[in-house]
Each structure stands twice: as structure tokens, then as C-alpha cells.
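Input: a single structure, listed below in C-alpha cells.
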Amino acid sequence: MQIEGGTALVTGANRGLGRRFAAELLARGATVYAAARNPDSVDQPGVTPIALDVTDPSSVARAAEITGDVTLLVNNAGSSTGASLLTGSLADIQLEMNTHFFGTLAVTRAFAPQLAAGGGGAILNVLSALSWVNFPASGAYCAAKSAEWSLTNAVRQELAAQGTQVSALHVGYMDTDMVRHVDAPKSDPAVVAKLALDELVAGNVEILADDVSRQVRSGLSGGVAALYPRFA
Ligand SMILES: NC(=O)c1ccc[n+]([C@@H]2O[C@H](COP(=O)([O-])OP(=O)(O)OC[C@H]3O[C@@H](n4cnc5c(N)ncnc54)[C@H](OP(=O)(O)O)[C@@H]3O)[C@@H](O)[C@H]2O)c1
């Protein structure tokens, strides 16, 4: 996967991690579509703002029509309602699935043909340590991230036939609006964007950005007891 000279599209590129991805891709010599629900909120010089709401099929289709030459798709857009699966509103729970699972799926399906036309290219899905462990206070978000992880594993296998690399980025807390209310150590999203692109270029399909992700990942082999000690 070569970034320089390619064309990247980043969803949710107006702020947070997506904004840092757009900046880093530009610095590495890519043409960058900075996709956002409100393209007027994209304020980085050098990128091309484009309207894209990942939960709106007509918006996704329009973005794919406008572009046509994307070689790297970064599925970054994300919601975080903090909804519990048992007590949260069903609308919030559906929003999490619509954004992380159905949104990522819709964008992937829409852009796969142009990735193929460009020789394969790559998709980078922004997942989480919470794809692997569930905090019930944000149970809907965690379930949606798990679903997005499974989706990533499925499309990696299917898109291998057209030469598209599909990589997953797992990360713990990052210093963005999404977790502004959380008092815990957080990674710098600019550092995470750089690390993720280095690993993507190296061909890594499972990218672990921090110690939290590495710890949770290693806990998977211990089963329920390792990740949820009260049930040991
Ligand atoms: N922050 C963390 O600790 C953390 C940890 C692990 C994984 N992640 C993941 O990292 C990714 C980026 O999150 P962030 O931390 O940068 O959060 P953020 O600062 O809250 O940014 C979220 C971005 O997603 C966009 N978005 C939300 N719903 C959308 C939709 N339907 N269509 C298009 N764009 C939409 C937002 O656009 P608007 O400006 O229009 O709202 C915004 O640009 C997400 O996938 C998140 O799940 C975050």
C-alpha cells in the first residue's frame, strides 16, 4: 500500500482522529478527501471537503460518484451515546449500530469498486479496544465496535480477491471530543494516526495503537474469566 501519489478518503475528517488522519495523509503526499456530515466544518488547507453522512445511503452513493479514484478508505466516523443495552434508549442503540456497523458497511460497499479499479488499495477501519471487551455503561457502543470488527474480518477475506488490504486499528482512549468526559490516560490522536499509517504501509492488518489494546487483545485467549474477572 503506497500513500504518496494515492487518493485517500477519511470519514469524520472534520475533527478528532479523522482530522489528524487527513493531515497526516496530506503530509505523506496523498490527495485527501476530508469527508464530513457538514463539509463546511472542514477547515484544513490542502484537503478537499466532501459531504458524507455514513448513515445516509444517498449521501454515501453521492460521495462515491464524486470521487471515483480513491485508493485508501479510512472508515473513521464514530458515535458514542453512552447507551446501556438494557436501559439506554433504543434510538441510541440503533444509532451506534447504524454508524459503526451499517455505516462502515455502506461506505465499504460503495467504495470497493473504485479501490479495485485503482489496483486494490486499502481500507483502514478505526476500531477500539472495546471491540474486544464490553463496558456495560457504554454497552451499545462496545457491541457496535464488536460488530464492526467482525465486518472487518469478513471484508478482509472477500476483498483479498481484488487485492484490497483491509486493516483494523484498535486503540484505547484518545484525547478527542468523544471521551472529553473521561478522566483516564489518553493517547494523542496525531500520534495514533501516524502509527496507524506506518503499520498500514507495512502491511499489518491488525494494528494495536497502545498498551490498553495490547492488554485486552492478550486477554482474549483467556476467555471470559480473563476479561471479566468477577466471572472467573
Ligand atoms: N476517542 C477515543 O477514545 C476512541 C477510542 C477508540 C476508538 N475510537 C474511534 O475513533 C473514531 C474517531 O473518533 P474520535 O475519537 O475522533 O471522536 P470525535 O472527536 O467525537 O469525532 C467523531 C467524528 O465522527 C463523525 N461522525 C459521527 N457520526 C457520523 C456520521 N453518521 N457520518 C459521518 N460522520 C460522522 C463526527 O462528525 P460531526 O462533527 O458531524 O459530529 C466526527 O467527525 C471513531 O470510530 C471512534 O469510535 C475513539
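Quick notes on this one:
- Counted as qualifying within segment 177-232 are the helices (runs of 4 or more DSSP H) with 1 or more residues that are under 19 Å from the mean Cα position of the chain (by Cα), namely 189-201, 211-219.
- Number of the condition not met by ARG156 [criteria: (1) without any contact (Cβ under 8 Å) to a residue 60 or more places away in the chain; (2) within 15 Å of the ligand (Cβ to nearest atom); (3) not small (Gly, Ala, Ser)]: (2)
- Among the residues of segment 147-178, those identified as under 15 Å from LEU73 (Cα atoms) and in contact with a strand residue (DSSP E or B) (Cβ under 6 Å, 6 or more places away or on another chain) are THR152, VAL155, ARG156, LEU159, GLN165, VAL166, SER167, ALA168, LEU169.
- Every residue from segment 171-191 that is touching a residue at least 40 places away in the same chain (Cβ under 8 Å) and more than 9 Å from the ligand (Cβ to nearest atom): ALA190
- The one condition in (1) in a loop (DSSP other than H, G, I, E, B); (2) crowded, with 18+ Cβ neighbours inside 10 Å; (3) in contact with a strand residue (DSSP E or B) (Cβ under 7 Å, 6 or more places away or on another chain) that VAL133 fails to fulfil: (3)
Matching residues to (1) more than 27 Å from ASN98 (Cβ to Cβ); (2) among the charged types (D, E, K, R):
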residue	(1), (2)
GLN2	yes, no
GLY18	no, no
LEU25	no, no
VAL32	no, no
SER41	no, no
PRO45	yes, no
PRO49	no, no
ASP56	no, yes
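- Tabulated pairs, segment 38-53, first closer than 15 Å to ILE66 by Cα, second in a loop (DSSP other than H, G, I, E, B) and near the ligand (Cβ under 9 Å from one of its atoms), C-beta under 7 angstrom, 6+ apart or interchain: LEU52/THR11; ASP53/ARG37
The numbers here are math on the coordinates, done by the rules we state, and not lab data. Nothing here was measured: the structure is a model prediction, and the numbers come from that model. No Cβ is skipped: glycine too gets one built from the backbone with ideal geometry, and neighbour counts run over all protein chains shown.
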